[in-house]
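Working notes for the structure below.
The values are calculated or read from the model by the stated rules, or taken from the named source; none is laboratory data. Just so it is clear, the structure is predicted and the values come from calculations on it, not from any experiment. Cβ coordinates were reconstructed from backbone atoms using ideal geometry, including for glycine residues, and neighbour counts include every protein chain displayed. To get the accessible areas, we keep the full protein, side chains included, count just its heavy atoms, and leave off ligands, DNA and RNA. Shrake-Rupley method; radii C 1.70, N 1.55, O 1.52, S 1.80 Å.
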Amino acid sequence: VLDERYLEYRIASIAYLFDRLDKAGVPLLRPAGGHAVYLDARAFLPHVPPGDLPGQSVSVALYLEAGIRSVEIGTAMFGHTRPDGTQEPASMDLVRLAIPRRVYTQSHIDYVAEAVAYVHALRHTLGGYRIVDEPKALRHFTCGFTQLPVATASAARQDARMPA
């Protein structure tokens, strides 16, 4: 990790992914990090209220559409359930695309950029999520969710396919 050539390559890879997503119009947290790119889930899904977990929705869609594992850093992680069952939102809803050290090739990074842009193009078909079961502590690790319906989702998904 202390090899300056490696650090330059790593930071360049993150900047490359950030730039590709930015050019595709994907809302991002600025500036790019040194180990990850953060998607702004509230701007990504402006039609999904913060209490309906837009970060969870983007993260799930990335996994289902392209097999990309990401993590929601927002209301599921830092919010809490009020006594009436609604969510007290976190200050932001982000999705972290962390890039492990020395794992991915350039073609992997290109695939992630294409897949995120693809999910972003389908954003109007994504609904929110609700927490249906949660532990008292660290709920984001083991809570259960249910997907909230979106009227246009199934029709739009039938016509759209992830590029090969």
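So the values come out like this:
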item: Candidate set from region 102-123 (those that are part of a loop (DSSP other than H, G, I, E, B) and open to solvent by 20 Å² or more (accessible area, probe 1.4 Å)); member that is modelled with the highest pLDDT; result: THR105
item: Residue selected from region 132-147 under the condition over 17 Å from the mean Cα position of the chain (by Cα) and surrounded by 15 or more Cβ atoms within 10 Å (Cβ to Cβ), by the criterion nearest to ALA61 (Cα to Cα); result: CYS143
item: Among the candidates ILE68, ILE99, residue that is open to solvent by less than 40 Å² (accessible area, probe 1.4 Å), in contact with a Leu (Cβ under 7 Å, 6 or more places away or on another chain) and of a type in the set (Val, Ile, Thr); result: ILE68
item: Those residues of region 15-42 which are out of contact with any Leu (no Cβ under 9 Å at 6 or more places or on another chain) and of a type outside the set (Lys, Arg), in sequence order; result: ALA15, TYR16, ASP19, ALA24, GLY25, PRO31, GLY33, HIS35
item: Per-region count, region 124-151, residues modelled with pLDDT of 85 or more, of a type outside the set (Val, Ile, Thr) and touching a strand residue (DSSP E or B) at 6+ places or on another chain (Cβ under 9 Å); result: 10
item: Test set (1) in contact with a Leu (Cβ under 6 Å, 6 or more places away or on another chain); (2) of a type in the set (Ser, Thr, Tyr); (3) open to solvent by 20 Å² or more (accessible area, probe 1.4 Å) - SER57 fails condition number; result: (3)
item: Residues of region 3-47 classified as of a type in the set (Val, Ile, Thr) and either modelled with pLDDT under 95 or surrounded by fewer than 19 Cβ atoms within 10 Å (Cβ to Cβ) (or both), total; result: 2
item: Residues satisfying the stated conditions in region 33-67, i.e. closer than 21 Å to CYS143 by Cβ, free of Cβ contacts under 8 Å to residues at least 60 places away in the same chain and among the hydrophobic types (A, V, I, L, M, F, W, C); result: ALA41, LEU62, LEU64
